[in-house]
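Novice: For reference, the structure I am asking about is given below.
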Amino acid sequence: MGEKMGDHVLLIVAEEEEKLVAGALNLIGGDTLFGRLWGCLPQAYFPNLHFEACYYQAIEAAIELNLSKVEAGAQGEHKIQRGYLPVTTYSCHYILNDGFRKAIEDFLVRETDQERLDDASIKANKIILCRQRGLTMRALKSLG
């Protein structure tokens, strides 16, 4: 990957006593750093290491590289408290098995309803945060 993509790959690693214990693979495209893979040794437990490697170091790298945004990937409500607001993503798949396709369709209906509730909650919390900080509604629009 490094050979073909060169400067478009950013690997953030964590070491203990000069031994690699964890890493986060990121790809660079246009003005965006895309976080894609995370892994660590089974015996390597350091509280918040995942967040440091995948989010905080990614943000610092994006700033250093003069990139305008960091895309942390789909899923994970835990990302909201770290400043990553959700964005709708789209994909297209053809599922051959009728039963499996129906199960996915049913799940997507429920997930869509939940996402609408989550979006409304996030917007309400942003309004409260802006008011607490004395920001105007114009500033709210610039927050995402």
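Novice: Please list the non-local residues whose amide H lies under 5 Å from the amide H of Val21, H modeled 1.01 Å from N, same-chain partners needing a gap of 5 or more.
Specialist: When sequence neighbours closer than 5 places are left aside, the close amide H contacts are Ala14, Glu15, Glu16.
Novice: Search the structure for amide H atoms under 5 Å from the amide H of Phe34, placed 1.01 Å from N in the peptide plane, and list their residues when 5 or more places away or on another chain.
Specialist: Long-range HN contacts for Phe34: Leu27, Ile28, Gly29, Glu71.
Novice: Evaluate the distance, in nm, between pseudo-label points positioned 7 Å from the Cα of Val109 and of Cys92 along their respective Cα→Cβ axes.
Specialist: 2.4
Novice: While we're on this one: Note the full-extension length gain between Ile63 and Phe100 as 0.36 nm times their separation in residues minus their Cα-Cα distance, in nm to one decimal.
Specialist: 9.0 nm
Novice: Also, quick follow-up: Order of Glu71, Glu15, Glu3 from fewest to most other C-beta atoms within 10 Å?
Specialist: Least crowded to most crowded, the residues run Glu3, Glu15, Glu71.
Novice: Under the Karplus relation 6.51 cos²θ - 1.76 cosθ + 1.60, θ = phi - 60°, what is the ordered set of whole-Hz ³J(HN,Hα) values for the stretch 99-107, x standing for Gly and Pro?
Specialist: Listing the rounded values in order: x, 5, 4, 5, 4, 5, 4, 4, 4 Hz.
Novice: Here is a further query. Hey, can you rank 51-59, 24-32 by average C-beta count inside 10 Å, highest first?
Specialist: Ranked by mean Cβ neighbours within 10 Å, highest first: 51-59, 24-32.
Only the coordinates and a few stated rules stand behind these numbers; no lab work does. Since the model is a prediction, treat every value here as computed from it, not as a measurement. Every residue, glycine among them, receives a Cβ derived from its backbone with ideal geometry; neighbour counts consider all protein chains shown.
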